[in-house]
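Some notes on the structure that comes next.
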Amino acid sequence: MMWSAFLATWRAMLTDKGALTLLFVGGVLYSFFYPLPYSKEIVQRVPVAVVDQDRSAMSRQLTRFAMAHPSLQVVAVTPELPVAQDLLWSNRVMGVLIIPEGLQTDVLAGRAAHAQVAGNGLYLMLNKAALNGLAEVVGTVSAGIELKRLGAATPSAIQAGQQRSPIDFEAVPLFNVTEGYGAYVVPGVATLIVQQTLLIGMTMLFGTWYQRKSFPLAGQRTASGYLGMLLAFASVAFLNCCYFFGFVFWFQDYPRGGNFGGLLLLLVLFALALAAFGMLLGMVFRTRERGTQLMISTSMPILFLAGLTWPVSSMPVVLQWLRWLLPSTAGIQGFIALNQLGASLYEIRHEMAGLLGLLIACLALGWWRWRRMELPVVDLNKG
C-alpha cells in the first residue's frame, strides 16, 4: 500500500502541468536566473567624481590614484562642489572625493589635513564600493607621505616601512573568498526556493483534489498511504536539494564545505520535515490558487525570519521562537553551515533538533487531519 501510494502520488505530480512546472522546472529556472545579477560578485568601475579645490601636486596625485583604482571610474574632476552634488543627486556618480583648499600646505607644514568622501546611500553595494575605494586612495597617498618622512629619519626604506607598520596585517576571507554578495545570499535563498516551490506545488495539488473531489489513492486513507505520499513529496525535495547543492553550487562556483555525510543526513531530515509540513498545509486549502497566493506573499518574510539577511537578535522575542515552526529556518542555517562553513553535525545540533521536532509535530497533526479529510477516494491509476 505504501509503495502504491508513493507511485500514485508521483503520477499525480507528473500529470499535473502546473505542479510539474513548479516542482521540477521552477527550480531549474531559478537556479540560473536568480544568481545571474550577482555573477560578477565584486562591484567594479563605480562612477565617482573628484572635487579638487586645492589644485596642487598632491591633489593631482590623489586624482591619479582614484583613476587607477580597480573599483572606481572617475567621470568628473571639478573645483566646484555644487557640480559634484548635482552629479551625486542625479545618480550619475555614486561617490565624491572632496580635496579642500590648502591640503598640500597643511601636509608640508606637518599639520593635520583632511579630505572628505561622500556616497549615495540608495545603492548599498555601489555606495560601499565607492566609499571604500576613495578611502583606500586617501589612505595609500597618506601612507606614502608618512613613509617619505620616516625615510628621511632612518637609514633605509626597509626600516622606514617596518616603523610605518611594525605588525603586518593581512585579511584573508575564510569562506566567502570573493566577499561577493552572490556567494553570501544565493546558498541560503536556494533552500527557500526548494521549500516555496514544493509547498506551492503541494497546495496546488491538494486544492485540485478538493475541487475535483478526487484523490490519487485507491482504498482507505491508511497510515501506509499517508507515509507513501509523504515519501513521494520528500523525494522531490531531496532531488531538488541535491540539484542545488550538488550541481548549481559547483556550476556557480560558490563555496562548498567538506561534510558530505552530514549534508546527506540533514537533506533527508529537511526533506521529510518539509514534506510533512506541506501535506499538513495542503490539507487546509480547498482551492488550487490559495496556496500559491499565500506562499508568494510570505516568501520575503520567511527569508528574513531565517536570520540570513536580518539578525535574529533584532527580531521580537516572539518571532525568534515562532520562526522555528518553518522548515526553512533550520534548513537555511544548517545547510549554510555544512555547505559553506564545513561544520560538523554537533555544531548544527540545534538545527537538527528543530527539524526533528517539526517533523514529529507535523506527522502527528497531519495524520490526525488525514483521517478526517472529507474527500471521496478515487483510484486515478485506472484512468
- prompt: When the Cα centres of segment 98-120 and segment 253-305 are compared, how far apart do they sit, in Å?
  reply: 54 Å
All-pairs alpha carbon distance profile, segment 202-346, 10 Å steps from 0, percent: 10, 32, 35, 18, 5, 0
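Of all DSSP beta bridges in the chain, what percent run antiparallel (nearest 5)?
Values: 4 of 15 bridges.
DSSP beta bridges in the chain are roughly 25 percent antiparallel.
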- line: Cα extents of segment 1-145 per principal axis, largest first, Å, are 90, 31, 20
statement: Rounded to the nearest 10 Å², the 1.4 Å probe accessible area of VAL138 is 40 Å²
- prompt: With the chain treated as a Gaussian network of Cα nodes joined by springs under 10 Å, which of ALA237, ALA364, ALA143 yields the largest mean-square fluctuation?
  reply: ALA143
query: Just how much of LYS213 is accessible, in Å², when a 1.4 Å probe is used and the result is rounded to the nearest 10?
result: 130 Å²
- line: Whole-Å distance linking the alpha carbon centroid of segment 221-239 with that of segment 310-363 is 23 Å
field: Gaussian network model of the chain, Cα within-10 Å springs - most flexible of LEU363, LEU81, LEU274
entry: LEU81
Fluctuation leader among THR208, THR140, THR178 - the chain, Gaussian network, Cα springs under 10 angstrom: THR140
field: By average C-beta atoms within 10 angstrom, highest first, the peptides 103-112, 328-337
entry: 328-337, 103-112
- prompt: Can you run phi through the Karplus equation (6.51, -1.76, 1.60; θ = phi - 60°) for segment 94-110 and list ³J(HN,Hα) in whole Hz, with x for Gly and Pro?
  reply: 9, x, 9, 9, 10, 9, x, 5, x, 4, 5, 4, 5, 5, 5, 7, x
message: Tell me the accessible surface of PHE33 in square angstrom (1.4 angstrom probe, heavy atoms of protein chains only), to the nearest ten.
response: 140 Å²
query: segment 225-289: percent of C-alpha pairs farther apart than 17 Å?
result: 51 percent
query: How large is ³J(HN,Hα), in whole Hz, for each residue of segment 292-302 in order, when computed from phi with the Karplus curve 6.51 cos²θ - 1.76 cosθ + 1.60 and θ = phi - 60°, using x for Gly and Pro?
result: 4, 4, 5, 5, 5, 6, 9, 4, 5, x, 5
task: State the volume of the convex hull built on the alpha-carbon positions of segment 77-121, expressed per residue in Å³ and rounded to an integer.
output: 67 Å³
J(HN,Hα) series, segment 124-138, from Karplus relation 6.51 cos²θ - 1.76 cosθ + 1.60, nearest Hz, glycine and proline x: 4, 5, 5, 4, 5, 5, 5, 5, 5, x, 5, 5, 5, 4, 5
statement: Taking only C-alpha positions in the chain, Rg and Dmax in angstrom work out to 28.9, 95
query: Rule-of-thumb check for segment 274-383: C-alpha Rg over 2.2 N^0.38 Å?
result: 1.29
field: Solvent exposure of segment 261-302 as accessible area per residue, Å², 1.4 Å probe
entry: 41 Å²
query: What is the set of long-range amide H partners of VAL74 at a cut-off below 5 Å, with H atoms built 1.01 Å from backbone N?
result: VAL48
field: Largest-first principal axis extents of the Cα set of segment 171-247 (Å)
entry: 64, 24, 17
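The values are calculated or read from the model by the stated rules, or taken from the named source; none is laboratory data. Here the structure is a predicted model, which means the values were calculated and not measured. Note that we place each Cβ from the backbone using ideal geometry, even for glycine, and neighbour counts take in every protein chain shown. What goes into the accessible areas is simple: the full protein's heavy atoms, side chains included, and nothing from ligands, DNA or RNA. Shrake-Rupley method; radii C 1.70, N 1.55, O 1.52, S 1.80 Å.
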